[in-house]
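J.: I'd like to ask some things about the structure below.
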Amino acid sequence: MENRKINLWDKTFKPYIPAEKLEKAIDAVAEKVNADFANCEDIPIVLCVLNGAIMFTGELMQRFTFPCELVSIKLSSYQGTQSTGTVLNILGLTADVRGRRVIICEDIVDTGNTITALKELLVAKGSSDVRICTMLLKPDVYKKPDKLDYVGMEIPNAFIVGHGLDYNELGRTGKDIYVIDND
Ligand code: IMP
């Protein structure tokens, strides 16, 4: 990982999680999902939460060994570096989830508002089973009762970018993760 700070809009970010560490975490998550879905007779839906989870979902799917269908949904709850507490459904579900098992793929779970709202939507639409798979989790912030089925890495409560995650749509590029530099 390059030991170089980056500037996005009005903020500076410093190197935080190198790609190699993330890759190991993604390997471990994929292994668990593969074990749980091995020999499944249905075709589960892998639901990518756009835009942040694009990279993570792609990396997971490269590792998945069971047949699955890829579906995307676009939700948004963040403005700048803060959660707004309201989850906006920007691009709705494009598949019928009735009777289907769904694996939600998220880049990061923070307050949990996004995945809780999404899980409720999927259950209301008749999904038979909803699992949550996230690359990163901020456990100090997440206080929802829903259990997270697959978690790549836990991180402290700090604002990060990279590997799909953005600050006002910038900073998604690159395999490494950067954290906001408050110094
Ligand atoms: P939650 O609804 O509070 O759990 O927030 C989840 C969503 O907020 C994620 O899908 C991200 O898009 C965004 N988010 C949360 N924390 C961060 C962060 O540190 N950097 C960038 N985006 C974040």
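J.: Please get the size of the charge dipole for the range 69-183, origin at its Cα centre, with Cβ charges of +1 on Lys and Arg and -1 on Asp and Glu, quoted in debye to the nearest 20.
T.: 540 debye
J.: Net charge around I180, counting only other residues with Cβ within less than 14 Å of its Cβ (Lys, Arg = +1; Asp, Glu = -1)?
T.: Neighbourhood net charge equals -1.
J.: Between E23 and A158, what is the spin-label point distance in nm, taking each point 7 Å from the Cα along the Cα→C-beta axis?
T.: 2.3 nm
J.: List the relative contact order of the chain as a percent without decimals, with contacts defined as Cα pairs under 8 Å and 6+ residues apart.
T.: After rounding, I find 26 percent.
J.: Rank by packing, highest mean first: peptides 80-89, 167-176, 130-139, with packing defined as the count of other Cβ atoms within 10 Å averaged across residues. Mind dumping the intermediate values first?
T.: On the way: 80-89: 12.4, 167-176: 16.0, 130-139: 21.5.
Ranking the peptides 80-89, 167-176, 130-139 by packing returns 130-139, 167-176, 80-89.
J.: Radius of gyration and Dmax for the chain's Cα atoms, expressed in Å?
T.: 16.1, 53
J.: Okay, next question. Can you pull the semi-axes for the range 30-80, root of five times each eigenvalue of the Cα gyration tensor, sorted largest first, whole Å?
T.: Three semi-axes, in Å: 24, 12, 8.
J.: Taking the Cα atoms of the range 63-150 alone, what are Rg (to one decimal) and Dmax (as a whole number) in Å?
T.: 13.1, 37
J.: Can you tell me the orientation of helix 113-124 relative to the chain, as the angle in degrees between its alpha-carbon axis and the longest Cα principal axis, to the nearest 10?
T.: 10 degrees
J.: Number of Lys pairs in the chain with C-alpha atoms less than 15 angstrom apart, excluding same-chain neighbours closer than eight positions?
T.: 10
J.: Ok, one more. Applying 1/(1 + (r/R0)^6) with R0 = 25 Å to the Cβ-Cβ distance of E31 and V141, what FRET efficiency is obtained, to the nearest 0.05?
T.: E(calc), rounded to 0.05, equals 0.40.
J.: What share of the DSSP beta bridges in the chain is antiparallel, in percent to the nearest 5?
T.: Close to 40 percent.
J.: Placing +1 at every Lys and Arg Cβ and -1 at every Asp and Glu Cβ, with all other atoms neutral, what dipole size does the range 50-117 have around its Cα centre, in debye to the nearest 20?
T.: Roughly 200 debye for the range 50-117.
Values quoted throughout were computed directly from the atomic coordinates according to the rules given, and no laboratory measurement underlies them. Since the structure is predicted, the reported quantities are computational estimates derived from the model, not experimental observations. All Cβ positions, even for glycine, are placed from backbone atoms using ideal geometry, and neighbour counts span all protein chains on display.
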